[in-house]
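Asker: The structure that follows is given in the form of structure tokens.
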């Protein structure tokens, strides 16, 4: 397809933002951002609180517009198709672009029912097929061994870290192509965080992952690309090692070295 | 000096609140005690299971008990789906814009309409307009266009609708946004979110609405006065299905009702002395029955809450 990517170690663009500007009412949260998310790579978005990190990734699955009055300019291309086009089916978009939220938000149902929630929405009711999806998703989210004997227990009885992995399994169960993670470890302790990080490392073999994080060490550890956002603008976007060792921008360097933020 | 004044005022205010609360509770207790001691004596199995005789001065009140249960259940069956639907529409499909505000204001005003107005509306709308209309279209001589249990229950349902809508709306609003987001992010449609996430979460809140409306509706007299309640009926509003001989409640029949029974015995009886114990007994049964109906819904609610965990 794209010659540039073929020459450059076979990386393919999955999601591409073109001049994206995003308003909540009159407030401009994102200002003219253009960047790409690559297939089978982890892209981290870092920046101080309120800089528009979450808004940026939520613009991809259009989840903000459920609770907010939003206005969008520019394009978000998923496989070269603008998700803000009129003919886009939101249900299909959100199936293809899964999301894990800041706080674990399992449904107050059993572990099993949480995982099959998505497939059931799309009409999968075959018990055997659902069982397979549950085992597959929970295995992928590294939770299967811990919960396989108590799938009918309430999801609320799990620990915070387990709940977050369950939420990841729930997102994987509808077979997405892109996984958006909005500070998935911010409500977790260090051990649980480490497990999620390992998991992300593993999941990137199959998915395009965009992760928002407050934690710069985390971005450095798990991501391939990093974008630094400040006041709704993309200050710098590059390969993670370059951003952390040799940033182009003085502001980026100041933020990474902890002078502000 | 100033500190002392403040303290006195504080003590006075506390005393005032306590006094008021005490007053309210003692009135309630006085009523219950009076009714209990006045009515407990006449409550026998015969009183509960037989029909009135000798111009209501003797016998039991079974038809009124039966009628009250029928009409309350029928009212709930009609009011709950309509109320839930309205509340879902208000919370999920309208925001704070003009239409939502207008509907909310209307509901609040509806809650303040006197019950006798509902009764007259029931006659005008349900019996004369809907009922007669159905009769004409279907070619019946007189089936729907007269005061019957169906219209009495519908009128009561209208009366309790605001209660159900408001409590259901509160219950729906208390479902965390994070759960809605989670469902939307998995590709759920709005209806799927409501059906699979919001309603199951709001179930016990909705049942609270049912409890409040039973308490309100079961004891009402004015709305059923003209819409189907009878002074005295020699038979129960029951219809036997031919051939299979299964008796079912007939919503196209008139019925007797405890609240109306109390009203007529207190105002229309020629022998007040003879009916007084029966009045107390009937009142006690009405209070007890309302309590039992509520209890059954409360048990439902406990069951749902347990299952949620």
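The values are calculated or read from the model by the stated rules, or taken from the named source; none is laboratory data. Source: prediction; values computed, not measured. A quick note on method: Cβ atoms are made from the backbone with ideal geometry, for glycine too, and the neighbour counts reach across all protein chains shown.
Asker: Of the residues A:164, A:218, which is surrounded by 19 or more Cβ atoms within 10 Å (Cβ to Cβ), closer than 22 Å to residue A:39 by Cα and in contact with a strand residue (DSSP E or B) (Cβ under 9 Å, 6 or more places away or on another chain)?
Answerer: From the options A:164, A:218, the qualifying one is A:218.
Asker: Collect the residues in segment B:263-309 that are within 14 Å of chain A (Cβ to nearest Cβ) and in contact with a helix residue (DSSP H, G or I) (Cβ under 6 Å, 6 or more places away or on another chain), keeping them in residue-number order.
Answerer: B:304, B:305
Asker: Scanning segment B:145-180 for residues that are over 22 Å from residue B:208 (Cα atoms) and buried (at least 20 other Cβ atoms within 10 Å of the Cβ), which turns out nearest to the other protein chains (Cβ to nearest Cβ)?
Answerer: Looking at residues that are over 22 Å from residue B:208 (Cα atoms) and buried (at least 20 other Cβ atoms within 10 Å of the Cβ), I get B:180.
Asker: If you go through segment A:49-69 one residue at a time, how many are at pLDDT below 90 and either in contact with a helix residue (DSSP H, G or I) (Cβ under 7 Å, 6 or more places away or on another chain) or in a helix (DSSP H, G or I) (or both)?
Answerer: 4
Matching residues to (1) touching a residue at least 12 places away in the same chain (Cβ under 8 Å); (2) more than 30 Å from residue B:173 (Cβ to Cβ):
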{"position": "B:41", "(1), (2)": "yes, yes"}
{"position": "B:62", "(1), (2)": "yes, yes"}
{"position": "B:67", "(1), (2)": "yes, yes"}
{"position": "B:70", "(1), (2)": "yes, yes"}
{"position": "B:75", "(1), (2)": "yes, no"}
{"position": "B:83", "(1), (2)": "yes, no"}
{"position": "B:91", "(1), (2)": "yes, no"}
{"position": "B:101", "(1), (2)": "no, no"}
{"position": "B:104", "(1), (2)": "yes, no"}
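Asker: Next question, about the same structure. Does segment B:106-119 contain at least one residue that is modelled with pLDDT of 85 or more and either in contact with a strand residue (DSSP E or B) (Cβ under 8 Å, 6 or more places away or on another chain) or farther than 26 Å from residue B:161 by Cα (or both)?
Answerer: No, the conditions are met nowhere in segment B:106-119.
Asker: May I pose another question? What single numbered condition from (1) surrounded by fewer than 19 Cβ atoms within 10 Å (Cβ to Cβ); (2) more than 14 Å from chain A (Cβ to nearest Cβ) fails to hold for residue B:214?
Answerer: (1)
Asker: Looking at segment A:66-74, is at least one residue surrounded by fewer than 20 Cβ atoms within 10 Å (Cβ to Cβ), without any contact (Cβ under 8 Å) to a residue 24 or more places away in the chain and within 8 Å of chain B (Cβ to nearest Cβ)?
Answerer: So far as segment A:66-74 goes, yes, one or more of its residues are surrounded by fewer than 20 Cβ atoms within 10 Å (Cβ to Cβ), without any contact (Cβ under 8 Å) to a residue 24 or more places away in the chain and within 8 Å of chain B (Cβ to nearest Cβ).
Asker: Would you check if there is a residue in segment B:195-203 being in contact (Cβ under 8 Å) with a residue 60 or more places away in the chain and within 20 Å of the chain's Cα centre (by Cα)?
Answerer: yes
Asker: Can you tell me which of (1) crowded, with 18+ Cβ neighbours inside 10 Å; (2) in contact with a strand residue (DSSP E or B) (Cβ under 9 Å, 6 or more places away or on another chain); (3) in a helix (DSSP H, G or I) is the one residue B:274 doesn't meet?
Answerer: Condition (1) is where residue B:274 drops out.
Asker: Right, another one. Has segment A:185-207 got at least one residue that is within 13 Å of another protein chain (Cβ to nearest Cβ) and either in contact with a helix residue (DSSP H, G or I) (Cβ under 9 Å, 6 or more places away or on another chain) or farther than 17 Å from residue A:15 by Cα (or both)?
Answerer: Yes - at least one qualifying residue is present in segment A:185-207.
Asker: Against the definition (free of Cβ contacts under 8 Å to residues at least 24 places away in the same chain, more than 12 Å from every other protein chain (Cβ to nearest Cβ) and outside any helix (DSSP H, G or I)), how does residue A:149 come out, yes or no?
Answerer: Considered against the rule, which asks whether it is free of Cβ contacts under 8 Å to residues at least 24 places away in the same chain, more than 12 Å from every other protein chain (Cβ to nearest Cβ) and outside any helix (DSSP H, G or I), residue A:149 comes out as yes.
Asker: If you take the residues of segment A:236-257 that are over 18 Å from the mean Cα position of the chain (by Cα) and touching a residue at least 40 places away in the same chain (Cβ under 8 Å), which of them is surrounded by the fewest Cβ atoms within 10 Å (Cβ to Cβ)?
Answerer: A:256
Asker: Continuing with the same structure: Which members of segment A:99-132 meet the condition of being buried (at least 18 other Cβ atoms within 10 Å of the Cβ), under 25 Å from residue B:203 (Cβ atoms) and within 7 Å of chain B (Cβ to nearest Cβ)?
Answerer: A:101, A:105, A:107, A:117, A:118, A:121
Asker: Give me a count of the residues in segment A:83-97 that are facing another protein chain (nearest Cβ under 8 Å), farther than 18 Å from residue A:72 by Cα and in contact with a helix residue (DSSP H, G or I) (Cβ under 9 Å, 6 or more places away or on another chain).
Answerer: 2
Asker: Let me spell it out: the conditions are (1) within 14 Å of chain B (Cβ to nearest Cβ); (2) more than 28 Å from residue A:214 (Cβ to Cβ), and residue A:137 meets all of them except one. Which number is the exception?
Answerer: Condition (2) is where residue A:137 drops out.
Asker: Right, residue B:30: surrounded by 13 or more Cβ atoms within 10 Å (Cβ to Cβ) and in a helix (DSSP H, G or I) or not?
Answerer: Criteria not met by residue B:30.
Asker: Got at least one residue in segment A:158-170 being on the phi > 0 side of the Ramachandran plot, away from chain B (no Cβ under 14 Å) and under 22 Å from the mean Cα position of the chain (by Cα)?
Answerer: no
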